[in-house]
Amino acid sequence: MIKNKLQILLMVILLAACNSPNVSRVTDIPPSETTEPTDTFALPSPTVTVFHQPTESRMNATLTPSESPTSQLTTPMSVKTVTATSLPNLITKCVEIGSEMPLESVAHSGTVVITPLNASPYLLDLQTGQSHDLPMNVPDHHLLADMEVSPDRNRLAYVETTRNQGGDIVGRHLWVVTADGQVLASRAFELGWSWMRWLDNERLEIYWWEAPTASTVIILNPFNGEQQVLTPSFPDIYNDSFNPSYWMVMYSPDLEWVLYLSNDDRYLGKAVVWDLVKGNVIWQHAEEGVGTITQIPEWSPLGDQVAVVVGNHLFRVDRSGQAIPLPDIGEDGIRSFSWSPDGNQISFWASSHVWETLRLFILDTTNNQVVDLCMDTPWAESYPPEWSPNGLQFTLIAEEIVVNINKGTANLIPHEEMPHAWMRSMP
């Protein structure tokens, strides 16, 4: 699940060591088809309407740096117009957070995975209200891990873990299912494998815990069982025999370029984007004294860019080596982030000495503009927002909130209804 990624993130800061400067070559595999862009969030003009948040909400709105404290209205549903901040690429669109409501009352599109506290996990179609059991050998949600939705949002992959009476792991099983619970793939998941992610809509990239060489990954097609072992030896690649399972490399869907962690004796976990075809560096962070990767990178849904946080700054790097930085919004740290299904937006948490707490923003990748949603969280870290398939809503797992960015509203939802994955519903 998403929680696994936060655990992986904690290991990033501990990285240290170097490897051989030899270069490995990976067999070219054509990328699978991806979905066409869906609905996107239309950014408002520089003067926007602000929906003020109720003061009793569990998440408190904070003023933007340009607002005066006397201008804040505390009455729920009160509306006023404000002028954008002096930063040209930052737009303010505060979201009102309403009272707690059932999930089906605030989210109307797609199918979600619900993991009740004392019941088996299930799939819930938000449009029809129908539910389907999540296939498992032993129905117990505590045994689920690595719940990942494919880029086209049509398939759900997850790992079921079996433990003996002493609590030791004795078996792991990989499932791939549709939104109505139909099994597409069911096979053993090796005990030596760890975290996984979708490489494209057909293959999984799995990190091999017990590989002879660190940073080794398995490219697995769960539908026909085909496997490809990739053992990289890029220049100065991070190599840790104690923690080899945590991500060190992330391949593009076409396996022609890769982001990896390096250690060149100056930086800990330096970001390098490498061309597997030409055998050279596409991009690396060049700012002196700043090179550490502080968040888990993520490829865009179309596989044409990789988003990486280096030195607390967010960059989007393409195949040509162009790195587009996040515009200056006064942040001093980027926390967890996620791409929208069409790749046109990135939602992210950011910290700053200006607003003091983690605050939620949306980046429009088509024009590099940023929207401030005026939402913060009491947590020092938070999960990446989980987008709906149509890109109009997302959930905040830790905060137990569903945000509708199209309407500028949000609602608390009951803890037992918190979705942990969001797919397209079956036709």
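A short reminder: the numbers here are calculations on the coordinates, not readings from a lab. No experiment lies behind these values; they were computed from the predicted model shown. Here Cβ is always computed from backbone atoms with ideal geometry, including for glycine, and neighbour counts include all displayed protein chains.
Side notes on the structure shown:
- Separation of the ALA188 and THR213 label points, Cα + 7 Å toward Cβ, nm: 2.5
- Taking 0.36 nm per residue of sequence separation and removing the Cα-Cα distance, the LYS278/ASP180 pair yields an extension gain of 30.9 nm.
- Projecting label points 7 angstrom from Cα along Cα→Cβ for ASP133 and ASP304 puts them 4.4 nm apart.
- Förster radius 41 Å - calculated FRET efficiency between HIS415 and HIS353, Cβ distance, rounded to 0.05: 0.80
- Evaluated over region 276-427, the Cα radius of gyration and Dmax, each in Å: 16.2, 52
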